[in-house]
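**Q** Quick one: structure below, then a few questions.
The values are calculated or read from the model by the stated rules, or taken from the named source; none is laboratory data. Small disclaimer: the values here were computed from a predicted structure and weren't measured. Cβ atoms come from the backbone with ideal geometry, glycine included; neighbour counts cover every protein chain shown.
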Amino acid sequence: MALPADPNTTAPLIGNDVVVFGLIAATLGVIFYLASGPTPFWKKFFSWVPALLLCYFIPALYNTYGLIDGANSAIYNPVASRILLPAALVLLTLSVDLKGILKLGPRLLFVFCAGTLGIVLGAIVSFVLLQWLWPAAVAGDTWKGMAALAGSWIGGGANMVAAREIFEVDATLFGQFSVVDVAIANIWMATLLFLAGRSAQIDKASRADTRAIDEMKARVAAYEAANARIASLTDLMLIIGLAFGVVGLAHAIATPASAWAGAHVPYAARLSLDTPFVWIVMFSTFTGLALSFTRVRKLEDVGASKLGALFLYFLIASIGMQMNFKQLADRPELLVIGVLWMLVHIGVLWVAARMVKAPLFYFAMGSQGNIGAAASAPVVAAAFHPSLAPVGVLLGTVGYATGTVVAYGLGLTLKWLASP
């Protein structure tokens, strides 16, 4: 989620969002051109550094050094998160091989649930450990901020705001944990993007069972080889019209649906059903899934999912725009909480993945399906293979559904631990 504005920051060098959008687009273009290997140096460079990683870090550097102001830019919200993200969800799920996803089996769901458990245990372990080693770090209402952060790390920004309302988190404390959220979660996501490029070597070394994933990739490759054709202008217009038409309909439905749910559905706030963004994500995802069973799926023959992936790259760049490396030192004790918390989550995931000989992709989705939710889980999934992006979408949606409820229970546990 976007960081709160800092009133003490100076004006950015580029304040016009149209210029910022052009800068981000040009940056992505340069990155992908260099990643194509125009010279031996760049070919070797990108064999070690994934292009997707630079799509995140370079905009973060722009923001850190005052070239742009990502926190107050409209590029992420509404352009990327409210328009491009749901459009990407439609186009990526439009070509989904639902039967193939189901064939990935119960191991994926097991690792995903282990990821959620790791977040819950991580909060408790980090809180208790620092209560003993550094009491000032978890003094006062820190537990409230941790409950809000749990909402984000199990679901997403909507769940974090819902948890904030439930526990009445102070605005300053909420802003400080927002920094922890963006810093720790995005650095971990960048790590997963880096590892995705080496998934074959890692899976071979760990002797992971990758048969289900390999079969799904092979089916997608065979389908593309048999049906792919050059897109005409009409094809592209149909893809754009469908994607943004669904986005417009999702926005039209989301506001009244969330208002109705908030007024009539029990526990709607705890399930984030009173938040329009959740309805936008759900409607876009399930509309795309429904269309995958119709002839509209043929749009994949002319590259519908590739256009969806393009939207995702803009999304990841806009997420990077909100990162300010200098803010990592503002409250070091909260960063320590976040690091310990994340290490426990990773440890639990690693044990669960080893138990069932899960490949790196399952490990990554078990984490990002929770921490990244539908906003970034498909980005990480697509880094493994474009055909796997819908898996991230589906798991991210599960995270939205459960985030507030689990964060509420965790908040009550932390409150009990904080009481004298």
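**Q** If you go through region 397-420 one residue at a time, how many are of a type in the set (Ser, Thr, Tyr), modelled with pLDDT of 80 or more and either in a helix (DSSP H, G or I) or touching a His at 6+ places or on another chain (Cβ under 9 Å) (or both)? First the steps, then the outcome.
**A** Step one: of region 397-420, the residues of a type in the set (Ser, Thr, Tyr) are 397, 400, 402, 404, 408, 413, 419.
Filter again for modelled with pLDDT of 80 or more, leaving 408, 413, 419.
Going one step further and asking which of them are either in a helix (DSSP H, G or I) or touching a His at 6+ places or on another chain (Cβ under 9 Å) (or both), we end up with 408, 413.
The qualifying residues number 2.
**Q** Can I ask one more? Of the residues that make up region 213-232, is at least one closer than 16 Å to residue 365 by Cβ and touching a Lys or Arg at 6+ places or on another chain (Cβ under 6 Å)?
**A** Within region 213-232, not a single residue is closer than 16 Å to residue 365 by Cβ and touching a Lys or Arg at 6+ places or on another chain (Cβ under 6 Å).
**Q** If you don't mind, there's one more thing I want to ask. Counting only residues that are part of a helix (DSSP H, G or I) and among the charged types (D, E, K, R), which one in region 56-101 is modelled with the highest pLDDT? Let's see the steps before the verdict.
**A** Pass one, region 56-101, residues part of a helix (DSSP H, G or I): 56-64, 70-72, 75-94, 98-101.
This time we only want the ones that are among the charged types (D, E, K, R), so: 82, 99.
Values: 82: 88, 99: 65.
Filtering first and then ranking leaves 82.
**Q** Could you check how many residues of region 126-140 are surrounded by fewer than 16 Cβ atoms within 10 Å (Cβ to Cβ) and either touching a residue at least 12 places away in the same chain (Cβ under 8 Å) or in contact with a strand residue (DSSP E or B) (Cβ under 8 Å, 6 or more places away or on another chain) (or both)? Write out each step before concluding.
**A** To start, the set of residues in region 126-140 that are surrounded by fewer than 16 Cβ atoms within 10 Å (Cβ to Cβ) comprises 128, 131-136, 139-140.
Then keep just the ones that are either touching a residue at least 12 places away in the same chain (Cβ under 8 Å) or in contact with a strand residue (DSSP E or B) (Cβ under 8 Å, 6 or more places away or on another chain) (or both); that gives 128, 131, 134, 136.
Residues meeting the conditions: 4.
**Q** Within region 187-211, take every residue that is closer than 21 Å to residue 105 by Cα and of a type in the set (S, T, N, Q) and give me the one that is surrounded by the fewest Cβ atoms within 10 Å (Cβ to Cβ).
**A** Pass one, region 187-211, residues closer than 21 Å to residue 105 by Cα: 196, 199-200, 202-204, 206-211.
Among the residues that remain, those that are also of a type in the set (S, T, N, Q) are: 199, 206, 210.
Working: 199: 21, 206: 16, 210: 19.
Among residues in region 187-211 that are closer than 21 Å to residue 105 by Cα and of a type in the set (S, T, N, Q), the one surrounded by the fewest Cβ atoms within 10 Å (Cβ to Cβ) is 206.
**Q** Return only the number of the condition from (1) among the aliphatic types (A, V, I, L, M); (2) modelled with pLDDT of 85 or more; (3) in contact with a Pro (Cβ under 8 Å, 6 or more places away or on another chain) that residue 389 does not satisfy.
**A** (2)
**Q** Give the residues of region 283-315 that are surrounded by 16 or more Cβ atoms within 10 Å (Cβ to Cβ) and part of a loop (DSSP other than H, G, I, E, B), sorted by residue number.
**A** Those that are surrounded by 16 or more Cβ atoms within 10 Å (Cβ to Cβ) and part of a loop (DSSP other than H, G, I, E, B): 292, 303.
**Q** Considering every residue within region 220-229, establish whether at least one is surrounded by 15 or more Cβ atoms within 10 Å (Cβ to Cβ) and either within 30 Å of residue 324 (Cβ to Cβ) or within 26 Å of the chain's Cα centre (by Cα) (or both). Before you say what the answer is, go through the steps one by one.
**A** Taking region 220-229 first, the residues surrounded by 15 or more Cβ atoms within 10 Å (Cβ to Cβ) are 220, 223-224.
From what's left, either within 30 Å of residue 324 (Cβ to Cβ) or within 26 Å of the chain's Cα centre (by Cα) (or both): 220.
Yes; the residues of region 220-229 include at least one that is surrounded by 15 or more Cβ atoms within 10 Å (Cβ to Cβ) and either within 30 Å of residue 324 (Cβ to Cβ) or within 26 Å of the chain's Cα centre (by Cα) (or both).
**Q** Since residue 269 meets every condition but one in (1) part of a loop (DSSP other than H, G, I, E, B); (2) surrounded by fewer than 15 Cβ atoms within 10 Å (Cβ to Cβ), which condition does it not meet?
**A** In the conditions (1) part of a loop (DSSP other than H, G, I, E, B); (2) surrounded by fewer than 15 Cβ atoms within 10 Å (Cβ to Cβ), residue 269 misses (2) alone.
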